[in-house]
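Contents: one structure, followed by commentary.
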Amino acid sequence: MYEPIRTKSVHSTMAGTPADFPHRTREEELDIQLAGHLAALLAVTDELRALTPSTDLDAAATRLAVLV
C-alpha cells in the first residue's frame, strides 16, 4: 500500500537556499588534500626506514614531516 511522504525532503529544501555553513576555498581544499598525500607518503617512508635504515630516508622523513 502506498503512503504519501509527510515531511519535506532535506535535499529539495537545500537546493534552492544558500547554505548557512562556511565553505572552504578551492585552495584550502587542495591544501588539505596535499597534506593527506604527504602524510601517507611519510607513513610509507617510516615503514621503509624500519625495514632498511638509511640516512637518505631519515632526511626525507624529516622534510616530509615539516611539510605536513
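The values are calculated or read from the model by the stated rules, or taken from the named source; none is laboratory data. Just so we're clear, the structure is a prediction, and the values are computed from it rather than from any experiment. FYI the Cβ positions are ideal-geometry reconstructions off the backbone, even for glycines, and counts take in every protein chain you see. Please note that ligands, DNA and RNA were not included when accessible areas were found on the heavy atoms of the full protein model with its side chains. Shrake-Rupley method; radii C 1.70, N 1.55, O 1.52, S 1.80 Å.
Summary table below
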quantity: Matching entry among HIS11, HIS23 (being open to solvent by 80 Å² or more (accessible area, probe 1.4 Å) and either in contact with a strand residue (DSSP E or B) (Cβ under 6 Å, 6 or more places away or on another chain) or at pLDDT 75 or above (or both)); calculated: HIS23
quantity: Of all residues in segment 43-68 being within 17 Å of the chain's Cα centre (by Cα) and at pLDDT below 90, the one that is least open to solvent (accessible area, probe 1.4 Å); calculated: LEU64
